[in-house]
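The block underneath contains the structure these notes are about, expressed in structure tokens.
Just so it is clear, none of the values below were taken in a lab; they were calculated from the coordinates. It should be emphasised that the depicted structure is a prediction, and the values quoted were computed from it without experimental measurement. Glycine gets a Cβ as well: all are built from the backbone with ideal geometry, and neighbour counts include every protein chain shown.
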């Protein structure tokens with residue numbers, strides 16, 4: 001679509017004034033001749049020559065002409081044959097359309113000519129096919145509705161408009177595409193028969209549009225704010241493309257042969273533009289889509305003075321670029337509002353954010369190609385928006401899929417656009433940066449390999465090819481990703497540990513902030529062994545269908561915790577962010593941190609039940625090919641009156657089995673509690689094949705996934721508590737996968753575990769450990785056991801995790817910073833890990849005051865909590881975010897004990913602590929590096 005913005009400034013000399021307002025200034029006279037919606041490099045005579053000399057161009061052009069010629073021949077025999085297939089008010093000539101919310105209601109009024117019929121409903125999903133033009137009844141306006149073919153039965157039947165989706169507008173657009181292509185043939189060959197045919201279609205539709213008024217919503221709801229002349233959404237006025245292009249290719253023909261009709265066509269286009277500007281949504285991706293459509297209309301209009309109302313090309317360009325109106329903000333205003341200037345993240349779910357960045361890079365390319373003007377310095381956040389794209393990626397280069405998004409690869413267009421910009425304006429560093437990024441995203445050899453264009457004639461018209469520098473090498477994914485990345489304007493947090501496709505580990509967590517967000521609390525998805533194993537659910541079949549409203553956008557579709565079965569708040573446009581209490585390493589930190597642990601501590605206020613929720617998650621790397629996830633989820637109502645809290649976990653797999661700690665199979669029984677009849681929200685009704693069992697002791701679960709000749713297991717352990725019930729159910733398939741996995745897996749119900757904690761779940765939190773494995777790389781965890789601290793503190797969580805590689809991890813976690821002790825370990829903080837291995841012992845403290853073991857301790861100096869990692873063994877290492885007091889056993893000879901760290905030498909103080917001799921060092925903030933303790937010579 002944005003190609004048509006070639007469209008945008010092909011005719012315009014725009015000066016960018018670098019002032020506070022950064023206004024676009026347009027010339028008083030538009031010099032560019034029509035057609036303006038193709039590359040300015042296209043010259044008519046050269047185009048004919050190119051078609052004759054280039055076999056691929058000739059083939060694609062002849063194919064286009066062949067498709068159109070049959071309609072032109074039919075036109076000569078029966079002029080109204082195709083135009084009579086338009087969906088119009090042929091009999092009533094209705095001018096006024098009324099809708100009832102998202103559905104067509106009725107039309108009335110009387111115009112002197114047939115008028116354009118309004119579409120049936122806002123939802124694009126329907127049970128009926130859009131018919132071929134040959135199958136459409138001519139001059140059809142019938143009280144029974146439309147005559148359509150059912151998708152399932154293939155039977156033709158009468159259908160009321162409100163059940164037909166967007167079939168009406170699809171039919172009209174398909175006919176106008178024929179008109180557009182016929183006009184293009186006229187432009188290429190000058191054949192007036194094609195021009196007459198195309199003009200007839202343009203004339204019938206434009207006159208029918210001119211007499212139509214803006215639809216009226218009988219419910220007086222938000223639909224009135226977004227509705228267009230022909231579509232329920234102004235951003236879906238897709239027929240603007242064909243109308244503007246047809247008029248553009250026919251411009252000279254109209255002026256010479258039908259000048260009096262010109263006012264009809266321009267008035268109809270301007271009517272569309274006015275409604276598109278008047279309605280819509282100003283502060284999200286709609287703004288860009290609306291801008292593109294108005295720009296396309298503007299570019300085919302003449303200078304302002306050519307019209308009595310003074311509204312020509314300059315007028316509409318000035319409005320969308322420089323003026324902010326109620327539902328259409330200026331380009332700079334929407335950029336300032338929508339983007340986080342610190343990191344380049346757009347305030348919508350991942351898929352939408354990436355598409356918006358793509359739209360603006362294309363816009364910048366249009367300007368540079370048309371005007372030889374570099375606009376990128378005027379929009380610096382767009383460059384940053386492309387640079388941040390890899391942060392959305394999992395190790396398999398699929399993007400995260402929170403909110404209304406789906407998994408998929410990054411599109412290459414934004415990188416190509418910025419490479420083109422760099423080449424044109426001699427920015428060597430920019431060219432290298434985005435070329436190496438492009439080669440990272442897509443295989444270099446494949447990109448450099450000569451390929452046949454899908455449509456050589458279209459490619460010629462729009463001149464989109466970019467020559468890549470083969471001497472530039474691909475970047476590493478780790479060059480453009482960081483271990484932690486936090487985007488507050490969408491309440492999204494990513495943690496990575498390694499970017500190897502097979503062995504990388506990654507968690508994506510999201511709240512509900514920005515546009516296209518879901519009602520999901522603190523939701524998470526994570527990765528293992530080459531796949532997103534614990535996925536998001538996607539948006540469902542359509543935004544306007546019950547499955548989206550009732551399930552996919554709600555808590556039970558996500559890996560989260562629901563309170564009382566009633567957690568539910570505003571979806572789509574949401575303002576419910578989580579609070580980041582702690583994050584390790586810091587967001588976008590490139591180096592200097594302990595590499596084997598990621599840790600986050602998030603708080604969320606669940607508004608519908610007035611509940612506090614806290615999710616502590618960690619990635620623990622145990623080897624080059626192994627590691628596990630820790631999930632500690634606390635939840636309680638502020639009034640402490642919760643009936644229950646439900647922990648949802650969805651994972652890919654063909655089977656799901658539960659076992660006791662002794663590896664005995666756990667038998668579940670048929671039950672019926674996870675439904676709306678039991679007082680839960682409607683989303684619970686989408687769960688099926690429910691089984692459950694009361695479970696107060698720990699259990700294990702295994703999800704088995706067979707995919708691509710590979711067997712992957714998700715091995716899960718969860719703690720036990722009194723008043724706890726375990727459920728096994730099936731959920732609707734994840735709609736976030738789209739032709740990425742084998743269809744049998746993508747479309748299969750998600751195997752889902754629901755753990756219900758009756759009463760509060762704060763001092764009885766959900767504690768889970770997940771380890772992905774394969775047959776070739778089996779699970780490494782042997783046993784997991786809970787432990788309590790010495791004082792049996794109710795807020796404390798302790799886990800002892802024994803691995804097969806002679807490794808034992810002790811995990812400490814609490815929401816209260818008290819002193820916790822177990823087996824010689826003492827810890828004060830949010831998350832602690834002590835690892836015992838054959839030659840090393842590691843002490844990690846996430847947001848804590850102190851941690852100690854076997855005479856070694858680290859204590860944060862000052863009042864605040866901080867992050868520390870200390871490795872004790874053959875090669876001691878240390879990192880601390882703030883100044884700490886490091887204590888080690890005094891096993892040194894007489895003399896001054898010093899600690900060498902980097903180029904610093906820190907003198908130690910010999911003391912006694914609890915009757916034992918120690919040496920203490922005051923260590924300033926330092927990045928992760930080797931330390932050496934010795935006697936100073």
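Assorted remarks:
- Calculated [θ] (222 nm, deg cm²/dmol) that DSSP helices of n ≥ 4 give over the chain, each run adding -39,500 (n - 2.57): -7500 deg cm²/dmol
- Cα centroid separation, the range 759-786 to the range 870-937 (Å): 35
- Counting other Cβ atoms within 10 Å as a rough exposure proxy, the listed residues 313, 880 run 880, 313 from fewest neighbours to most.
- Using alpha-carbon coordinates, inclination of helix 192-210 to the longest axis of the chain, degrees: 70
- Shape of the range 887-930, Cα gyration tensor, a/c cut at 1.5: prolate
- Candidate values [x] 70, 42, 27; [y] 59, 33, 24; [z] 59, 36, 28 were compared with semi-axes √(5λ) of the Cα gyration tensor in Å computed on the shown model; the agreeing label is [y].
- Whole-Å distance, taken between Cα centres, linking the range 235-288 and the range 318-332: 18
- Nitroxide proxy distance, nm - points 7 Å out along Cα→Cβ at residue 426 and residue 77: 6.2
- On full extension, the segment bounded by residue 252 and residue 216 gains 9.3 nm, given 0.36 nm per residue less the C-alpha separation.
- Against the chain, whose longest principal axis is taken from its Cα atoms, helix 44-53 shows a tilt of about 70°.
- Helix axis angle, 285-300 relative to the chain longest principal axis, alpha carbon, degrees: 30
- Ranked by the mean number of other Cβ atoms within 10 Å per residue, highest first, peptides 126-135, 185-194, 591-600, 908-917 order as 591-600, 185-194, 126-135, 908-917.
- When the P(r) of the range 21-91 is calculated, the portion above 15 Å amounts to 75% of the C-alpha pairs.
- Order of 44, 733, 650, 406 - criterion: other Cβ atoms within 10 Å of each residue's Cβ, fewest first: 44, 733, 406, 650
- The ranking of 309, 815, 252 from fewest to most other beta carbons within 10 Å of each one's beta carbon is 309, 252, 815.
- The Cα-based radius of gyration and maximum Cα-Cα distance (Dmax) for the range 482-786 are 18.0, 54 Å.
- Rounded to the nearest angstrom and listed largest first, the equivalent-ellipsoid semi-axes of the range 76-119 from its Cα gyration tensor are 25, 12, 5.
- The packing ranking, built from the mean of other Cβ atoms within 10 Å per residue, places the peptides 253-265, 834-846 in the order 834-846, 253-265, highest first.
- The peptide list 230-242, 136-148, put in order of mean Cβ contacts within 10 Å with the highest first, becomes 230-242, 136-148.
- For the range 477-492 versus the range 510-572, the gap between their alpha-carbon centres in whole angstrom: 20
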